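Notes follow once the structure below has been shown.
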Amino acid sequence: MSRMERCPLCRAAHRGGAQCHRCGADLTLLLTIEDQAEQWRVRAMADLANGDPNAARTAIERACKLKRTPYDSILQAFLSSDRG
Ligand SMILES: [Zn+2]
């Protein structure tokens with residue numbers, strides 16, 4: 001589920017493990033944070049589908065605190081304009 005593409009320390013391409021194959025950095029925490037952000041993002045979409053934009057806004061804010069993506073910014077702007 002992770003979207004990490006490169007090791008933050010040595011920039012080696014990430015091959016999917018919990019450790020960087022090149023420098024041996026422990027990526028567990030970063031991967032966990034990315035997964036948690038992704039879960040909040042999924043939650044936001046579910047809240048939106050359920051007609052609860054306030055809950056969706058809260059969920060996407062939590063995702064952004066963990067890891068902000070361009071997608072989050074778009075969704076936040078959408079939810080903000082929704083409130084009027
Ligand atoms: Zn590395």
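When the residues of the stretch 60-76 are filtered to those that are of a type in the set (A, V, I, L, M) and within 11 Å of the chain's Cα centre (by Cα), which remaining residue is most open to solvent (accessible area, probe 1.4 Å)? Looking at the filtered set, the residue picked out is 66. Residues in the stretch 17-39 that are open to solvent by 70 Å² or more (accessible area, probe 1.4 Å) and either among the small types (Gly, Ala, Ser) or within 20 Å of residue 70 (Cβ to Cβ) (or both): 30, 36, 39. For first residues located in the stretch 21-33 and within 8 Å of the ligand (Cβ to nearest atom), partners that are modelled with pLDDT of 95 or more and among the small types (Gly, Ala, Ser) and lie 6+ apart or on another chain with Cβ distances below 6 Å form the pairs 22/12.
Among the residues of the stretch 40-52, the one identified as of a type in the set (Lys, Arg) and either touching a Lys or Arg at 6+ places or on another chain (Cβ under 8 Å) or open to solvent by less than 40 Å² (accessible area, probe 1.4 Å) (or both) is 41. When the stretch 32-84 is filtered for residues that are within 28 Å of residue 18 (Cα to Cα) and either among the acidic types (Asp, Glu) or outside any helix (DSSP H, G or I) (or both), the ones remaining, listed by number, are 34, 35, 38, 61, 67, 68, 69, 72. Can you spot a residue in the stretch 77-84 that is under 28 Å from residue 10 (Cα atoms), open to solvent by 20 Å² or more (accessible area, probe 1.4 Å) and of a type outside the set (Phe, Trp, Tyr)? No, the stretch 77-84 contains no residue that is under 28 Å from residue 10 (Cα atoms), open to solvent by 20 Å² or more (accessible area, probe 1.4 Å) and of a type outside the set (Phe, Trp, Tyr). Looking at this structure, is residue 55 at pLDDT 95 or above, touching a Lys or Arg at 6+ places or on another chain (Cβ under 7 Å) and not polar (S, T, N, Q)? The answer is no for residue 55. Tell me, please, whether a residue that is in a helix (DSSP H, G or I) and either basic (Lys, Arg) or modelled with pLDDT of 95 or more (or both) can be found in the stretch 6-19. The answer is no, given that none of the residues of the stretch 6-19 is in a helix (DSSP H, G or I) and either basic (Lys, Arg) or modelled with pLDDT of 95 or more (or both).
The values are calculated or read from the model by the stated rules, or taken from the named source; none is laboratory data. Keep in mind that what you see is a predicted model, and the values were worked out from it rather than measured. Cβ atoms come from the backbone with ideal geometry, glycine included; neighbour counts cover every protein chain shown. For the accessible areas, the whole protein counts, side chains as well, though only heavy atoms, and no ligand, DNA or RNA atoms are used. Shrake-Rupley method; radii C 1.70, N 1.55, O 1.52, S 1.80 Å.
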